[in-house]
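Enquirer: Sharing a structure with you now.
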Amino acid sequence: MIDEQPYERMPAEVEQVRRSGGRAGSRSGGRGYTIESLDTGLRLMQLFLVLDTVTVSEAAGRLGIGRSTAHRVLSTLEGRGFAVRDPSGRGYEAGPGLLRLGRPAGLGTTARAQLAAVLDDAARRTGETVECAALVGGLVLVTDGRESARPVRVTLETDRVAPAYATAAGKVLLSRLTADQVRELYPREDLPPLTPRTLVSRAKLLEELAEVRELGRAFSRGEFAPGLHAVAVPLPGAGRRNRMALSASAPADRGDDAALAERAGQLWQSAARPAAVPAQDRPRAPGGQGGQGSRGGPG
């Protein structure tokens with residue numbers, strides 16, 4: 001079963017934004033022309049990436065701003081359709097404007113229908129829990145999946161986010177970015193650990209991403225949750241916003257390197273289904289089977 005604890009740590013990424021005040025290390029390059037109100041609005045929108053609902057008090061506390069400022073910014077976002085009141089009336093949720101602006105692949109009904117056959121096929125081939133995921137900033141978002149029928153299995157949790165650097169799907173998606181883009185997502189050299197096996201160095205992450213890029217698949221061995229091993233391969237996409245990863249997750253006793261490498265090949269076969277993507281965009285497994293072995297993480 002997936003340990004819930006890593007999800008509880010997710011707001012730490014938002015805390016990093018709060019501590020920086022949106023200024024330290026910003027891409028303004030120290031030129032000193034940050035527009036405070038715009039900066040606050042952008043930082044507040046980032047909260048919607050990791051929180052389902054944001055209250056005025058929570059926004060004020062996490063961003064280090066006054067309640068009146070938080071209320072004005074949330075009201076402004078609401079007026080532009082970037083935020084809406086939640087059903088309870090006590091907080092705000094991401095609005096249609098924000099969802100249209102940042103909607104990753106796999107959330108629309110058409111995309112879900114196209115990926116359904118891929119997920120069904122991957123679940124049949126691997127016998128394990130399979131997921132498709134998209135990259136949202138430095139986070140990976142599970143958009144859909146199929147849960148294994150085995151008595152001991154990884155639990156499927158859609159619409160949840162995790163640090164991309166700690167998951168197989170996230171590392172596959174990060175490998176499709178340039179090194180500079182990865183550095184922008186993770187401006188600090190140290191990466192917050194989720195387990196004793198998590199990669200905690202940006203330099204090590206970049207090193208592993210180079211290998212993932214070459215082999216066309218990524219492993220995660222207990223890096224996101226203890227005892228959870230996973231492998232992921234890329235699904236095609238014309239641009240960064242519509243690229244996705246297909247992953248298979250299993251308990252550690254069914255997830256040694258040989259098993260993960262075999263599942264990589266199975267995932268490649270599912271990802272290449274004609275019904276899923278146009279012929280010219282179908283992925284091809286390096287060497288036909290997605291490679292062998294991996295230095296991976298500390299595992």
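Enquirer: Which of the following residues is more than 30 Å from ALA245 (Cβ to Cβ), open to solvent by 70 Å² or more (accessible area, probe 1.4 Å) and either β-branched (Val, Ile, Thr) or modelled with pLDDT of 75 or more (or both): LEU42, LEU63, LEU38?
Expert: LEU38
Enquirer: I'd like the residue in the stretch 147-177 that is surrounded by fewer than 21 Cβ atoms within 10 Å (Cβ to Cβ), modelled with pLDDT of 95 or more and basic (Lys, Arg) and, out of all such residues, is nearest to ALA230 (Cα to Cα).
Expert: Going through the qualifying residues, I end up with ARG153.
Enquirer: Does ASP253 meet the test of being surrounded by fewer than 15 Cβ atoms within 10 Å (Cβ to Cβ) and modelled with pLDDT under 95?
Expert: no
Enquirer: Inside the stretch 61-101, can you point out the residues that are in contact with a Ser or Thr (Cβ under 7 Å, 6 or more places away or on another chain) and under 23 Å from ILE35 (Cα atoms)?
Expert: Hits for the stretch 61-101 are LEU63, ILE65, ARG67, THR69, VAL73.
Enquirer: Got a number for residues in the stretch 242-275 being within 25 Å of GLY227 (Cβ to Cβ) and part of a helix (DSSP H, G or I)?
Expert: Within the stretch 242-275, residues that are within 25 Å of GLY227 (Cβ to Cβ) and part of a helix (DSSP H, G or I) number 15.
Enquirer: Conditions: (1) touching a helix residue (DSSP H, G or I) at 6+ places or on another chain (Cβ under 6 Å); (2) small (Gly, Ala, Ser); (3) at pLDDT 85 or above. GLY81 meets all but one. Number of the miss?
Expert: (3)
Enquirer: Considering only residues that are within 23 Å of ASP52 (Cβ to Cβ) and in a helix (DSSP H, G or I), which ones fall in the stretch 166-185?
Expert: Within the stretch 166-185, ALA166, ALA169, GLY170, LEU173, LEU185 qualify.
Enquirer: Going by the conditions given, is THR129 open to solvent by 30 Å² or more (accessible area, probe 1.4 Å) and out of contact with any Phe, Trp or Tyr (no Cβ under 9 Å at 6 or more places or on another chain)?
Expert: Against the criterion (open to solvent by 30 Å² or more (accessible area, probe 1.4 Å) and out of contact with any Phe, Trp or Tyr (no Cβ under 9 Å at 6 or more places or on another chain)), THR129 does not qualify.
Condition check ((1) in contact with a helix residue (DSSP H, G or I) (Cβ under 7 Å, 6 or more places away or on another chain); (2) at pLDDT below 95; (3) crowded, with 21+ Cβ neighbours inside 10 Å; (4) on the phi > 0 side of the Ramachandran plot) across all residues:
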{"residue": "ALA179", "(1), (2), (3), (4)": "yes, yes, no, no"}
{"residue": "VAL182", "(1), (2), (3), (4)": "yes, yes, no, no"}
{"residue": "PRO187", "(1), (2), (3), (4)": "no, yes, no, no"}
{"residue": "THR195", "(1), (2), (3), (4)": "no, no, no, no"}
{"residue": "VAL200", "(1), (2), (3), (4)": "no, no, no, no"}
{"residue": "ALA203", "(1), (2), (3), (4)": "no, no, no, no"}
{"residue": "GLU207", "(1), (2), (3), (4)": "no, no, no, no"}
{"residue": "GLY222", "(1), (2), (3), (4)": "yes, no, yes, yes"}
{"residue": "PRO226", "(1), (2), (3), (4)": "no, no, no, no"}
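Enquirer: Cβ contacts < 6 Å: first residue within 18 Å of ALA232 (Cβ to Cβ) and touching a residue at least 60 places away in the same chain (Cβ under 8 Å), restricted to the stretch 114-125; second residue of a type in the set (Gly, Ala, Ser) and not in a helix (DSSP H, G or I), any location; separation 6+ or different chain. Result?
Expert: VAL118/ALA276
The values are calculated or read from the model by the stated rules, or taken from the named source; none is laboratory data. Note that the structure is a prediction, hence the values are computed from the model and not measured. Cβ coordinates were reconstructed from backbone atoms using ideal geometry, including for glycine residues, and neighbour counts include every protein chain displayed. Ligands, DNA and RNA are excluded from the accessible area calculation, which covers all protein heavy atoms including side chains. Shrake-Rupley method; radii C 1.70, N 1.55, O 1.52, S 1.80 Å.
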